Amino acid sequence: MSAEPPIKCFISYARADDTVMRFVDQFAAQLAHFAFADRNRQVEPFIDHESVGWGEEWTPRIQASLAQAAVFMPIVTRQYFDRQACRDELLTYHNEAKGLGVQSLVLPVVVLGHSYLTEENADPAARIIADRQYRDFREAWIEGPNSPVWRRELVRLANDLVTVVENAERTLASMPNGTGAVCLPDDRPGSIELGEATERMVAEAGPIAMRINATMEHLGQVLTERSAGLAHLEGDQARQAIRDTAAAIEPLGREFESGAAELQQVVFETDAVFRGYVAHLLETGTAAEIEEARSSLAEARGELDSLQEVQEAVALFLEQLRPLELASAPMRLAFRPLRTGAGSIATAVGLIRRWPDMLSETAAPAR
């Protein structure tokens with residue numbers, strides 16, 4: 001047995017993928033074996049077949065895991081980005097790791113969906129994977145677990161996993177009490193940046209939400225006007241009317257998608273500032289500073305109620321229009337931006353919902 005403590009590796013994946021691809025369990029077992037055989041480090045993979053399972057105290061659990069240099073390993077296909085739990089896990093773990101200066105502990109493995117991974121993508125989850133220099137597992141998966149290419153890629157991945165963990169362990173050990181923000185003071189968010197981020201969030205999120213609501217109202221008007229005449233048409237006339245309706249919806253859908261992506265980006269950037277500041281504050285902050293940060297978080301989280309209303313309205317809107325969406329390929333294409341936008345709004349709401357956990361009573365030091 002290795003004298004070193006085991007490395008915890010949280011494996012995040014879309015359940016729908018493994019239902020068909022069926023390789024996560026074998027992947028995890030071999031990854032652990034090769035890490036021990038090659039680098040003499042035990043790896044404890046955590047695979048929850050329901051979700052990663054952080055439970056109600058999500059953020060404190062991630063903070064504790066990062067203090068132990070635990071690895072977060074998303075197994076990525078295109079479906080990964082459509083699963084809200086996967087998105088929440090990735091974005092939250094990334095921002096927490098960034099606050100500690102150990103982003104390398106996010107170690108993505110990409111199986112399929114490579115074309116979605118561009119630095120220009122409006123989806124911050126896709127940009128994180130693209131920026132992290134992901135491990136490409138496509139050919140290994142195609143060849144299968146008994147192939148040389150599979151074994152070669154898994155040995156390389158096991159080596160990378162141990163390397164990033166040992167580097168992070170040294171980094172975290174150099175900080176007071178073994179944890180803390182490791183970026184330079186000039187780069188670390190302070191109380192001024194915290195206040196600016198809060199003000200920006202409050203100032204920008206509301207108007208963006210109003211624009212999204214206005215776009216939805218416009219969409220509703222267009223659909224009401226056009227759908228009334230569809231019931232009386234048949235054959236080629238009906239098909240043409242559906243195509244015309246789809247053409248009228250499409251630019252509004254893009255407008256909705258753009259607004260939702262903008263909202264998601266504002267929240268994601270705010271989340272990164274908050275988590276970076278909190279990582280430092282939990283190490284060095286006074287009781288007064290922590291209480292001030294709590295107030296800022298509470299003020300920013302005040303936007304949640306209005307955003308939840310938008311999210312619920314969008315979900316109801318899309319559900320009501322589901323039959324129309326299924327009517328034809330042009331309609332499905334026109335509705336695609338609406339569903340993408342709905343996912344962006346859900347991501348923003350999920351990030352905001354967890355902000356109070358950053359400075360829970362149990363997490364704050366007594367000073």
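The values are calculated or read from the model by the stated rules, or taken from the named source; none is laboratory data. Treat the numbers as computed from the prediction; the structure is a model and nothing was measured. All Cβ positions, glycine included, derive from the backbone under ideal geometry; neighbour counts span all protein chains shown. SASA here: full protein model, heavy atoms, side chains in, ligands and nucleic acids out. Shrake-Rupley method; radii C 1.70, N 1.55, O 1.52, S 1.80 Å.
Tell me, what is the FRET efficiency for Glu291 and Gln26 to the nearest 0.05, using R0 = 45 angstrom and their Cβ-Cβ distance as r?
Computed FRET efficiency for Glu291 and Gln26: 0.35.
How far, in degrees from 0 to 90, does helix 148-173 lean away from the longest principal axis of the Cα atoms of the chain, to the nearest 10?
70 degrees
Which value, in Å², gives the accessible area per residue of segment 264-343 when a 1.4 Å probe is used on the protein heavy atoms?
For segment 264-343, the per-residue accessible area is 44 Å².
Express in nm, to one decimal, how much length is gained between Asn213 and Gln308 on full extension, taking 0.36 nm for each residue of separation and deducting their alpha carbon distance.
My answer for the length gained is 33.0 nm.
Hey, can you rank 308-321, 63-76 by average C-beta count inside 10 Å, highest first?
By packing density, highest mean first, the sequence is 63-76, 308-321.
State the percentage of accessible surface on the chain attributable to carbon and sulfur atoms; use a 1.4 Å probe and exclude ligands, DNA and RNA.
Carbon-and-sulfur percentage of accessible area, whole number: 50.
In nm, to one decimal, how far is the modelled label at Gln68 from the one at Ala241, with both set 7 Å along Cα→Cβ?
Those two pseudo-labels are separated by 6.3 nm.
In segment 239-278, which residues have a backbone nitrogen under 20 Å from the label point lying 7 Å from Glu299's Cα in the Cα-to-Cβ direction?
Label zone hits: 266-278.
Of the residues Ala247, Ala205, Ala158, which exhibits the maximal mean-square fluctuation in a Gaussian network model of the chain defined by a 10 Å Cα contact cut-off?
It is Ala247.
Taking the solvent-accessible surface of protein heavy atoms with a 1.4 Å probe, what is the per residue accessible area of segment 23-159 in Å²?
Normalised by residue count, the accessible surface of segment 23-159 is 42 Å².
What is the distance in Å between the Cα centres of segment 78-130 and segment 289-331?
If you average the Cα positions of each part, the centres end up 21 Å apart.
Taking the chain as a Gaussian network, Cα atoms linked when under 10 Å apart, which of Arg354, Arg322, Arg151 shows the biggest mean-square fluctuation?
Arg322
Which distance in nm do the two modelled labels at Glu119 and Thr19 give, with both placed 7 Å along the Cα-to-Cβ direction?
Roughly 3.7 nm, to one decimal.
Once the mean 1/r over all distinct Cα pairs of the chain is inverted, what Kirkwood radius in angstroms do you read off?
22.4 Å
Which distance in nm do the two modelled labels at His33 and Val222 give, with both placed 7 Å along the Cα-to-Cβ direction?
5.5 nm
Largest first and in whole Å, give the semi-axes of segment 202-316's equivalent ellipsoid, each being the square root of 5 times a Cα gyration tensor eigenvalue.
Each semi-axis is the square root of five times an eigenvalue, giving 45, 12, 9 Å.
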